[in-house]
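Laboratory data are not the source of any read-out in this text; all were calculated from the coordinates shown. As the structure is a prediction and not an experimental result, all values here were calculated from the model. Ideal geometry is used to build each Cβ from the backbone, glycine not excepted, and the neighbour counts take in all protein chains shown.
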Amino acid sequence: MQRIGGGTLRGRVLSALPRGVAGLRPTGSRVRGAIFDRLQTDVIDARVLDLFAGSGALSFEALSRGASSATMLDTSPKVVAHLRKQAQTFCVDRACEVINIDALRYLRNDRPPEQPAFDLVFVDPPFATPEVFDPVVARLAAGGWLSPDALVVCEFERVRGKRLTIAWPEGIELELSRAYGQAHVEIARSPASPAASPNRSSTEATTVSDVPISTRAQRIKPSATLAVSGRAKQLRAEGKQVLNFAAGEPDFSPPKAVCDAMVERSTSGPVGYAPVPGTPQLRAAVAAELSEVHGRTFEPTDILVSCGAKHSLANLFLATCEAGDEVVIAAPYWVSYPDMIGLAEATPVVVTTSAETGLRMTPELLEPVLSSRTKMIVINSPCNPTGVGYTAEHLRALGEVIANKAPQAWIVVDDIYRKLVYDGYTHASAFVALDGLTDRVIVVDGVSKTYAMTGFRIGFLAGPKPLIAAASRIQSQTTSGAATMSQQAALVALTDPSVAADTAAMHEAFTRRRTIMLEGLAAAPGVSVIRPDGAFYAFANVAAHCGEGTAYPDDVALATWLLEERLVASVPGTPFGAPGHLRLSYATDDATIREGLSRIAEALSSLPTA
Ligand SMILES: Cc1ncc(COP(=O)(O)O)c(C=O)c1O
């Protein structure tokens with residue numbers, strides 16, 4: 001049987017599939033050519049779902065013809081790893097999602113709300129039987145997976161000259177049914193009118209070609225952490241006992257005084273627009289808190305209050321970066337940094353750390369990437385996903401090379417986990433450590449993690465007044481000020497003395513869970529972990545269980561297997577720029593951590609290691 005090996009994309013040849021992958025249907029480029037000739041502009045900006053991806057030829061060709069994204073499914077871990085590599089080779093990895101899953105399994109639930117519907121679906125199973133096509137097209141329609149006017153392309157081999165009859169669900173209209181030698185192609189279209197699909201929102205009624213999606217938006221990858229949580233929720237909705245180590249937020253309620261303040265402000269007001277840079281009271285409270293932490297005076301006008309620290313960072317990059325600027329980040333990095341930096345037209349420059357450097361950026365790693373193009377260096381301490389913190393000494397050493405090699409650069413410290421620290425580690429202020437560079441330090445901070453206030457959406461930016469003014473102008477024309485009630489709640493979090501008891505209880509629980517997590521991981525075969533100084537994550541090195549010579553090609557396949565088969569949700573290291581790892585959050589109860597770790601240990605011990 002011939003393996004799919006044909007086709008080129010922007011001059012690069014699609015390579016053959018890895019050895020040992022059986023059961024692939026031969027596809028002639030003539031058939032593919034005919035399909036794309038027929039699809040023409042229907043491919044432009046289409047969100048593609050490739051249910052039996054194989055070589056990915058259909059998806060890659062669709063992307064090369066203007067599709068905006070491709071979700072490729074395949075049951076073979078080897079094929080999945082190959083597809084991910086191919087996507088990187090073709091520089092379309094940001095538009096590709098490759099999932100190691102069976103097509104029907106993927107479709108068996110209704111489309112989750114965070115997943116946009118698909119505009120173009122390829123169904124070309126290696127062994128074409130009615131048992132494959134009929135349930136697949138039925139689920140595509142019934143599960144709300146198709147956007148209005150979507151096209152479903154089915155391709156199969158005729159057996160002894162006879163073709164299969166596909167049972168197209170009611171409302172989906174067959175537009176083409178044609179033989180190409182032994183191959184047969186059917187193309188059908190879902191209804192254009194939202195009335196025919198009652199569960200859709202009215203905005204989806206617009207045809208794909210009417211919706212202009214900028215290249216800027218197309219470059220942005222959906223959050224990997226949210227994708228895992230979405231799948232875990234889906235499994236839970238099916239009644240499965242999923243143990244969730246994927247959470248990126250505390251599992252506690254906010255302090256009582258904070259909730260009371262929110263209710264009080266909502267019911268008694270005022271609840272109108274807040275001043276764009278934040279209420280004077282909250283800016284003053286943040287300035288007072290940061291003055292104490294950093295041993296220097298911040299004035300309220302040095303502070304911009306935004307809708308979460310993520311918004312603070314986005315405002316910061318938009319206010320400062322130009323095309324051609326470079327922003328240095330250390331891998332493992334928080335997933336959002338590269339996309340945010342790219343959104344501001346700058347280039348993320350990744351410094352890859354290792355266990356040898358304690359997963360920290362070191363002067364030796366930093367120095368070679370610094371240049372006159374370096375606009376900023378981002379230091380996240382304690383870090384998401386590793387929990388690793390920088391001491392004053394670490395910061396000072398970095399400061400020295402920055403001062404020598406890139407004196408024009410700014411140092412951004414993301415201190416969002418600053419108060420969640422353990423085991424004798426104390427957060428080091430960049431202002432204190434980087435004496436001499438203090439007028440080039442910018443602080444990002446917020447209430448989300450420390451006070452379990454993620455949904456309140458309040459973050460802070462602290463820096464020189466002209467920067468705060470510029471970021472505030474951007475905020476004024478995008479979101480306006482953060483929610484009035486949330487600002488009041490954040491003010492209470494920072495100033496009400498009763499809050500300390502609640503945060504202390506949360507801190508105590510995290511301290512205990514961290515110990516349980518580290519002990520459990522130490523007992524898991526082939527797993528190592530750098531002891532986290534803070535946050536609520538352990539970043540486990542599982543390289544012994546994925547990659548060459550193991551059962552799973554990479555951490556994404558391993559995490560998928562743990563979720564699908566062992567019902568343990570974790571976040572693979574790849575989206576954090578650190579393949580071969582799993583991020584395990586201990587923002588969950590002690591019993592879940594114990595049970596989850598024993599499932600992981602048992603699962604990993606069943607695998608061959610490299
Ligand atoms: C390192 C880091 N910075 C910033 C943020 C954003 O926090 P917020 O929820 O306040 O937007 C997060 C949230 O996960 C984070 O992990």
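Once fully extended, how much extra length lies between GLN241 and VAL211, figured as 0.36 nm per residue of separation less the alpha-carbon to alpha-carbon distance?
On the way: separation 30, 0.36 × 30 = 10.80 nm, distance 3.96 nm.
So the extension gain works out to 6.8 nm.
Can you give the FRET efficiency to the nearest 0.05 for ALA403 and GLU364, using r as the Cβ-Cβ distance and R₀ = 25 Å? Don't skip to the end; give the middle numbers.
Details: r = 16 Å, r/R0 = 0.63.
The computed FRET efficiency comes out at 0.95.
Local charge sum around ALA428 (other residues, Cβ-Cβ under 11 Å, Lys/Arg +1, Asp/Glu -1)?
Values: positive: ARG396, ARG418; negative: GLU393, ASP415, ASP533.
Its environment carries a net charge of -1.
What relative contact order, as a whole-number percentage, does the stretch 256-496 give when Cα pairs under 8 Å and 6 or more residues apart are counted?
30
Give the calculated FRET efficiency between ILE44 and ARG373 to the nearest 0.05, with a Förster radius of 56 Å applied to their Cβ-Cβ distance.
Details: r = 35 Å, r/R0 = 0.62.
Computed FRET efficiency for ILE44 and ARG373: 0.95.
Under 25 Å Cα-Cα from LYS375, which lysines qualify once same-chain neighbours fewer than 8 residues away are excluded?
List returned: LYS221, LYS310, LYS405, LYS465.
From the square roots a ≥ b ≥ c of the eigenvalues of the alpha-carbon gyration tensor of the stretch 256-496, which class results: rounded (a/c under 1.5), prolate (a/b over b/c), or oblate? The partial results should precede the final answer.
Numbers: a/c = 1.93, a/b = 1.56, b/c = 1.24.
The shape class here is prolate.
Once label points are set 7 Å from the Cα along Cα→Cβ at both GLU173 and GLU345, what is their separation, rounded to one decimal in nm?
4.5
Please state the Cα pair-distance histogram of the chain with 10 angstrom bins from zero: what percent is in each bin?
3, 15, 24, 25, 19, 10, 4, 0, 0
How charged is the neighbourhood of ALA587? Take every other residue with its Cβ under 10 Å from the Cβ of ALA587, and add Lys/Arg as +1 and Asp/Glu as -1. Mind dumping the intermediate values first?
Values: positive: LYS449, ARG513; negative: GLU249, ASP251, ASP589.
Around ALA587, the surrounding residues sum to -1.
So how do HIS507, HIS581 line up by other beta-carbon neighbours within 10 Å, fewest first? The partial results should precede the final answer.
Values: HIS507 15, HIS581 30.
Sorted ascending by nearby Cβ count, the order is HIS507, HIS581.
Enumerate by residue number the GluC sites (Glu not before Pro) in the stretch 290-360 meeting two conditions: DSSP loop (anything except H, G, I, E, B), and at most 13 other Cβ atoms within 10 Å of the site's Cβ.
Sites meeting the loop and neighbour criteria: GLU322.
Just to verify a number: FRET efficiency for THR511 and LYS233, C-beta to C-beta distance, R0 = 45 Å, to 0.05?
Numbers: r = 28 Å, r/R0 = 0.63.
Efficiency for this residue pair is about 0.95.
Output the relative contact order of the chain, whole-number percent, from Cα pairs under 8 angstrom with separation of 6+ residues. Don't skip to the end; give the middle numbers.
Values: 1227 pairs, mean separation 78.3, N = 610.
Worked out over the chain, it gives 13 percent.
Starting at the first residue of the stretch 245-259, write each ³J(HN,Hα) from the Karplus equation 6.51 cos²θ - 1.76 cosθ + 1.60 with θ = phi - 60°, in whole Hz, x for Gly and Pro.
9, 9, 5, x, 8, x, 8, 9, 7, x, x, 4, 4, 5, 5
Using alpha-carbon positions, what is the distance between the centroids of the stretch 307-351 and the stretch 372-424, in Å?
14
Provide the net charge surrounding ALA397, with neighbours chosen by a C-beta distance below 15 Å and charges set as Lys +1, Arg +1, Asp -1, Glu -1. Show your work: numbers first, answer last.
Details: positive: ARG360, ARG396, LYS405; negative: GLU364, GLU367, GLU393, GLU400, ASP435.
Neighbourhood net charge equals -2.
I want the antiparallel fraction of DSSP beta bridges within the chain, as a percent rounded to 5.
On the way: 35 of 73 bridges.
So the antiparallel bridges in the chain amount to around 50 percent.
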